[in-house]
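Colleague: One structure follows; several queries about it will come next.
The values are calculated or read from the model by the stated rules, or taken from the named source; none is laboratory data. The shown structure was predicted, so the numbers you read here are calculated from the model rather than taken from an experiment. Heads up, the Cβs are rebuilt from the backbone with ideal geometry, glycines too, and the neighbour counts pull from every protein chain shown. When the accessible area is computed, the model is the full protein with side chains, heavy atoms only, and any ligands, DNA or RNA have been set aside. Shrake-Rupley method; radii C 1.70, N 1.55, O 1.52, S 1.80 Å.
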Amino acid sequence: MAIRDIRIIGDPILRTPTEWITDIDERVKSLVEDLLETVDMDGRAGLAATQIGVGLRAFSWNIDGDIGYVLNPKLVEVSTEEYQDGDEGCLSVPGLWFPTERAWYARVEGVDLDGKPVVVEGEELMARALQHETDHLDGMLYIDRLDRATRRKALKAIRESNF
């Protein structure tokens, strides 16, 4: 197990859709250990494999002391009538937070290390994390979801940052 370095915006892997995991081998087991150890720090709500340089479809979360992972997650349901629009940040865009609209509720389906089906769902922060991390696995960053004016501000702040 290892705490892995976080890839920062500008790294091409963050914009590359991930590959589905077809074989749960030692490499995947090691990836899960690294995801769990790396997300287990204050201020970290979620971590996608791409953020540690691995192009496989997996992420971990750390919400209110609940730490877990899912392989091959697919966002299968979000609330369509209730939304949240609080500030969102990202380990790959360090130190910058912008109001980002997300569904209030989200549900992800995937598998665990034994290949057994897993359902992860939640509201508020958990829903935000599920949507955010699934976006990462599809090659998207939260700044892609910002409204036009906020996105302009975010891009300017990114250019001015010293990542």
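Colleague: Tell me, what is a quarter of the convex hull surface for the C-alpha atoms of the stretch 13-94, in nm² with one decimal?
Modeller: Approximately 6.5 nm², given one-decimal rounding.
Colleague: Please state, to two decimals, what the Cα-based radius of gyration of the chain comes to when divided by 2.2 N^0.38 Å (N = residues).
Modeller: 0.99
Colleague: Something else: Which distance in Å, rounded to a whole number, links the C-alpha centroids of the stretch 63-80 and the stretch 93-163?
Modeller: 11
Colleague: Additional query: Once R0 is set to 35 Å, what does the formula 1/(1 + (r/R0)^6) return for the Cβ-Cβ distance between I3 and W97, expressed as a FRET efficiency to the nearest 0.05?
Modeller: Calculated value: 0.95.
Colleague: Once fully extended, how much extra length lies between L113 and R15, figured as 0.36 nm per residue of separation less the alpha-carbon to alpha-carbon distance?
Modeller: Full extension of this stretch gives 32.7 nm more.
Colleague: To continue, here is another question. Among all the aspartates and glutamates, which ones have a C-alpha under 18 Å from K153's C-alpha, if same-chain residues fewer than 8 places away are not counted?
Modeller: Partners within reach: D85, D87, E88, E101, D144.
Colleague: Right, here's the next one. Over the chain, what percent of the accessible surface lies on carbon and sulfur atoms, probe 1.4 Å?
Modeller: About 46 percent, which is the carbon plus sulfur part of the accessible surface.
Colleague: For the stretch 74-163, state what percent of all Cα-Cα pairs lands in each successive 10 Å bin, counting from 0 Å until the bin that includes the largest distance.
Modeller: 16, 44, 28, 10, 1
Colleague: Pull out the extension gain between Y83 and M140, defined as 0.36 nm times the separation in residues minus the alpha carbon to alpha carbon distance; nm, one decimal.
Modeller: 18.6 nm
Colleague: Counting only helical runs of four or more DSSP H residues, what would the 222 nm mean residue ellipticity of the chain come to if each run contributes -39,500 (n - 2.57) and the total is spread over all its residues?
Modeller: -8000 deg cm²/dmol
Colleague: If you don't mind, there's one more thing I want to ask. Quick one: accessible area per residue over the chain, 1.4 Å probe, rounded to a whole number of Å²?
Modeller: For the chain, the per-residue accessible area is 53 Å².
Colleague: Whenever you get a sec, line up S161, S60 from highest to lowest accessible area (probe 1.4 Å, protein heavy atoms).
Modeller: So the residues, ranked largest to smallest area, are S161, S60.
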